[in-house]
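The values are calculated or read from the model by the stated rules, or taken from the named source; none is laboratory data. Predicted, not measured: the structure shown is a model, and the values here were computed from it. Ideal geometry is used to build each Cβ from the backbone, glycine not excepted, and the neighbour counts take in all protein chains shown.
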Amino acid sequence: MTQRRSSIAPRPRLKLERIVAWADAYHRRTGQWPRRTSGPVPESRPDTWQRIDACLYRGSRGLPGGSSLARLLAERRGVRNHQALPDLTEGQILAWADAHHRRTGRWPYLTSGRVIDAPGERWSAIHTNLQLGQRGLHGGSSLARLLERRRGVRNIKHAPALIIAKIVRWADAHHRRTGAWPQVKSGRLADAPDETWSNLDQLLRIGSRGLPGGSSLARVLSERRGVRNAKYPPKLSVRQVLAWAEAHHRRTRRWPKVTDGSLPDAPGETWWNLNQALRNGYRGLPRPPKARSLPDLLAHRRQ
């Protein structure tokens, strides 16, 4: 009995040089190197890059085996193989960190993105490698700990405790130097370069580094130095509003209008804000209809 021949023709043999040539063509077309998930190979239909990767691994169709598409491109074209990354040393990481500092004036953090001096590397990945002991590193460390130990860079997790009195002293120094009280966007502290006003505000809110929490930079300055806090303005009374209006009348010979702008007798206040507080019963003022607006209040006063 004769054996029936298979109707499926065997696939042609492969050569490493030919696979590399197909990868070069893919790179010219797309600007990227192929991966095993890159789909069909136009020069060798119906082959796919996944099938070629399998042949490289198994050693079928004339290939030696024990390899992969990623390994072949790493060996022949220097393409970074994420499955076989080169080992790292602390000295190499520190050299990249020094270059980053020279270029930017700041030390890298795990959120600093790509390592400019090492294409393919990211500071977040290096941080993980230091933590887990990958790529030849010992483990149990971190980017921040390495820079603290070898470059004396302050590690925020080991930052000294704070007290509100110290923050107020820094604010006083800022006010003497600039003529203005610090705000969240005021940047770094001249008297403590490792601190920023935005970070201090966050620590006051969440309660960290010895601070109790539940406060803010604006609240501390309002309570300790009487600085106006736009989110928590001081309480008002009808008597106080009328006193300001009478002072305005003595100065200008007319009663104030809503559009008259700021009050010289009350920095930070405007007649428009006072009118809104009267209309809505804000800031301790009685709710309508007792005092509906600034014009209503002044009309009653003039009577």
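Any residue in region 169-197 that is farther than 25 Å from G268 by Cβ sitting within a Cβ distance under 6 Å of a residue that is assigned to a helix (DSSP H, G or I) and not charged (D, E, K, R)? List the pairs, counting only those 6 or more apart or interchain.
D191/W170; D191/A173
In region 109-150, which residues are more than 20 Å from H82 (Cα to Cα), part of a helix (DSSP H, G or I) and touching a Leu at 6+ places or on another chain (Cβ under 7 Å)?
Correct list: L143, L146, R150.
For A118, state whether it is of a type in the set (A, V, I, L, M, F, W, C), in contact with a Gly (Cβ under 8 Å, 6 or more places away or on another chain) and modelled with pLDDT under 95.
no
Got a sec? Which of L130, L146, L110 is under 19 Å from the mean Cα position of the chain (by Cα), over 27 Å from T37 (Cα atoms), buried (at least 16 other Cβ atoms within 10 Å of the Cβ) and not assigned by TED's automatic domain parsing to the domain that holds L217?
On inspection, the qualifying residue turns out to be L110.
From the set of residues in region 50-103 that are more than 33 Å from the chain's Cα centre (by Cα) and acidic (D, E), which is nearest to R11 (Cα to Cα)?
So, considering only residues that are more than 33 Å from the chain's Cα centre (by Cα) and acidic (D, E), the one nearest to R11 (Cα to Cα) is D53.
Report whether or not Y26 is free of Cβ contacts under 8 Å to residues at least 24 places away in the same chain, in a helix (DSSP H, G or I), crowded, with 17+ Cβ neighbours inside 10 Å and not basic (K, R).
It is true that Y26 is free of Cβ contacts under 8 Å to residues at least 24 places away in the same chain, in a helix (DSSP H, G or I), crowded, with 17+ Cβ neighbours inside 10 Å and not basic (K, R).
Table: residues versus (1) in contact with a helix residue (DSSP H, G or I) (Cβ under 9 Å, 6 or more places away or on another chain); (2) part of a loop (DSSP other than H, G, I, E, B); (3) at pLDDT below 85.
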residue	(1), (2), (3)
A218	yes, no, no
R224	yes, no, no
K231	yes, yes, yes
L236	yes, yes, no
R239	no, no, no
A247	no, no, no
W255	yes, yes, no
D260	yes, yes, no
P267	no, no, yes
